[in-house]
Amino acid sequence: VYVEDRERSWKTYIEDIKVAKKSIHMDQIGCEEQTQITLEDDVNIADAKPDVYQVVTQQGHVELEEVRASDGHVHVKGVLHFKVLYLADEETHHPACMEGELAFEEQILMGSVSGTDQVQAQAILEDLSVGMINSRKLSVQALLQIRLFTERMKQLDVAVGLDGTEQIEVKKKDLQALDLIVAKKDILRVKKDLLLPGGMPNIFALLWKSCQIREMTFRVLDGKLQATGELSLFFFYEEESETKKAVWYETTVPVSVAIECQGVREGMLEQIGCSIGHLEIEAKADEDGEERVILLDLVLDLDIRIYEETSLSMIEDLYGVTKQADVVRGKGQYRRLLVKNTAKTRVSDQFSISPGMPQIQQICGSFGEVFVQEIKKQSDGVLVKGTVNVQILYESAEEEVPCGCLKGELVFEELLETAEPVKNTCSCRIEASLEQLSVQAQNEQEAEVRAVVCVKGLICADCEEEIVTDALLRAPDPEKQANQPGIVVYLAGEGETLWDICKKYDVPMDGMREMNNLTQDEIHPGDQLLIVKGYAVDKEMQIV
């Protein structure tokens, strides 16, 4: 292509320089919205279930069935599944259980979303309360927190080298970046048959069942992820006898599973969210026909992010010696890792029964759920604050009320320290989980609760920098060549570098070093430098 410069009346031949590039990837939240949904309904007890004498406790989880975006709002459809443990209104107030669900549909305003956006949703059950209206009807109230967000994957192409025969001088600098290698959702399925110990009675009916994740860790290997941890299981059931006495059983199930993950290798960084997506616990007969086997069918939802810390020697500037080089620049966004840290904090407290509750004779089981309330960025790191909501199921000595539930919360905070201040522009991925929970009865009125909360954080600085994206070569400017002297003694000024001077006169760096006997590029104000136009290190070339 020949381009005419009307002012100087000379023609320039333009050609592309082949630029080698390295891509850096990152995820970025596009738009985000949080809202609360209140659910309330009256639920009838099924005919096959006994009347209600007193509610003991309740649990629930939210399942999102549909998330659909349109211009300006998002349609969310889901179900709240709940179960209630209560005492039957019969001659002996034995425990009984009923399950139900509340469906919901909401149109949530989200101003900047469009119908083509893929919106992700997270639902948290903040509060669930069940009250007794009469012996055949319960009042269920729930508070849900719904978080909606769009996520975009961005790619930054950074120039790291040139491929050409023309003599071009290149100035480079190091760039430390965190590259997102894998971003996907997956599932981990655990299916086990558990046999009751010999001393435990046969199962007549499962009353209450709980499964919680404990100490789940992930390790990146070549082409796969290794998941290791354990599941804490609790069963409250009626024994197969005339008395139908309620008994309980606790156990742990180890988990060690390899998950295929293409494109990863050992040494990469992981940040993986893990939660229970589907849970089925059923009793079935063993080989002798006795109800002694518990079938566990569990699906864990995984939000997988795999990163690699990479160091690039990127092109900062360039110029041509025999031809003129033009640089194409642009603003580039990337992330730099500040810290990936795992911290464990121990919390404990004394829980006391409320007035009117039965006294504690023996602890049956305990259940906890972690909620992160605040993530605060500060000069020495990221402060994570939250609570552990605890339920304690216990056996009472009172015949009227044979069991009760003690509830409370533990408050925790943990600082994930960083070597430099964490600004508001920094991005944080925080995961908090309950690693250990233990309860010990102190007396008939109090129980001591101890917990270990594991906080994992990936904290990054969001950076923006001018990046060289492309370069072009053109024929040298005759006017500039005519005005440049063939030889000159140059006096270095304040703040000038050897690169600045060589670029100004279009001379090669190696030739400049040899001509002036320089062993390094550092120069000082007042240094005298001899510049010879056309001097090259190649001895076969002559000075012109």
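The values are calculated or read from the model by the stated rules, or taken from the named source; none is laboratory data. Bear in mind the structure is a predicted one, so any value in this text is a computation, not a measurement. Please note: Cβ atoms are built from the backbone with ideal geometry, for glycine as well, and neighbour counts cover all protein chains shown. Areas reflect the complete protein model, heavy atoms only, side chains present, ligands, DNA and RNA absent. Shrake-Rupley method; radii C 1.70, N 1.55, O 1.52, S 1.80 Å.
Based on C-alpha coordinates, I'd like the Rg and Dmax of the stretch 284-395, in Å.
Taking only Cα atoms of the stretch 284-395, I get Rg and Dmax of 28.8, 93 Å.
Counting only pairs 8 or more places apart or on different chains, how many lysine pairs in the stretch 188-251 have C-alpha atoms closer than 23 Å?
6
If you take the C-alpha gyration tensor of the stretch 415-499, multiply each eigenvalue by 5 and take the square root, what semi-axes do you get, largest first, in whole Å?
Equivalent ellipsoid semi-axes, largest first: 68, 16, 8 Å.
Sticking to Cα atoms, compute the Rg of the stretch 262-339 to one decimal and its Dmax as the biggest Cα-Cα distance, whole number, in Å.
Using the Cα atoms of the stretch 262-339, the pair Rg, Dmax is 27.4, 91 Å.
Treating only the Cβ atoms of Lys and Arg (+1) and Asp and Glu (-1) as charged, compute the dipole magnitude of the chain about its Cα centre; round to the nearest 20 debye.
So the dipole magnitude of the chain works out to roughly 1960 debye.
When the accessible area of the stretch 107-242 is split by element with a 1.4 Å probe, what percent falls to carbon and sulfur?
45 percent
Stick to Cα atoms and the Kirkwood definition of Rh, then tell me Rg/Rh for the stretch 227-297.
1.15
Considering every Cα-Cα pair within the stretch 21-127, what fraction, in whole percent, is farther apart than 18 Å?
Value for the stretch 21-127 (Cα pairs over 18 Å): 62 percent.
Express in whole angstrom the spacing between the alpha-carbon centres of the stretch 285-327 and the stretch 408-448.
First find each Cα centre; the distance between them is then 26 Å.
Given N residues in the stretch 440-539, what is Rg(Cα) / (2.2 N^0.38 Å)?
Taking N as the residue count of the stretch 440-539, the ratio is 2.41.
List the residues, sorted by chain then number, that are 5 or more residues from Ala205 or on another chain and whose placed amide H is less than 5 Å from its amide H.
Result for Ala205 returns Glu238.
Let me check I've understood the local charge: for Glu33, count other residues with C-beta under 13 angstrom from its C-beta, Lys and Arg +1, Asp and Glu -1. What total comes out?
Neighbour charge sum, excluding Glu33 itself: -2.
Taking only C-alpha pairs under 8 Å that are 6+ residues apart, what is the relative contact order of the stretch 197-279 in percent?
For the stretch 197-279, the relative contact order is 32 percent.
Place +1 on the Cβ of every Lys and Arg and -1 on the Cβ of every Asp and Glu in the stretch 372-492, take the dipole about the Cα centre, and give the residue among Leu491, Gln481, Gly386 whose Cα lies farthest towards its positive end.
Gln481
Could you list, in their original order, any pairs among Lys83/Lys137; Lys331/Lys376; Lys185/Lys344; Lys377/Lys456; Lys21/Lys173 whose Cα atoms are separated by more than 18 Å?
In this structure, Lys331/Lys376; Lys185/Lys344 lie more than 18 Å apart at Cα.
Which aspartates and glutamates have a Cα lying under 15 Å from the Cα of Lys184, excluding residues fewer than 8 positions away in the same chain?
Asp27, Glu151, Glu260, Glu270, Asp301, Asp303
Go through the stretch 245-345 and name the GluC sites (Glu not before Pro) that are in a DSSP coil and have 15 or fewer other Cβ atoms within 10 Å of their Cβ.
Answer by residue number: Glu266, Glu287, Glu290.
How fast does the stretch 99-227 diffuse by Stokes-Einstein, in µm²/s, taking the Kirkwood radius from C-alpha pairs at 25 °C and 0.890 mPa s?
D, rounded to a whole number, is 106 µm²/s.
Order Thr217, Thr57 by their accessible area, 1.4 angstrom probe, all chains in place, largest first.
Order by accessible area, largest first: Thr217, Thr57.
Report, ordered by chain and residue number, the aspartates and glutamates lying within cross-link reach of Lys385, taken as a straight Cα distance under 19 Å and ignoring same-chain residues fewer than 8 apart.
Glu126, Asp127, Asp349, Glu369, Glu374, Glu409, Glu413, Glu414, Glu417, Glu431, Glu435
In Å, what Rg and Dmax follow from the Cα atoms of the chain?
Values for the chain (Cα only, Rg and Dmax): 34.1, 114 Å.
Near the amide H of Lys137, under 5 Å away, which other amide H atoms are found, from residues 5 or more places off or on another chain, if H is placed in the peptide plane?
Close amide H contacts, sequence-distant or interchain: Ile45.
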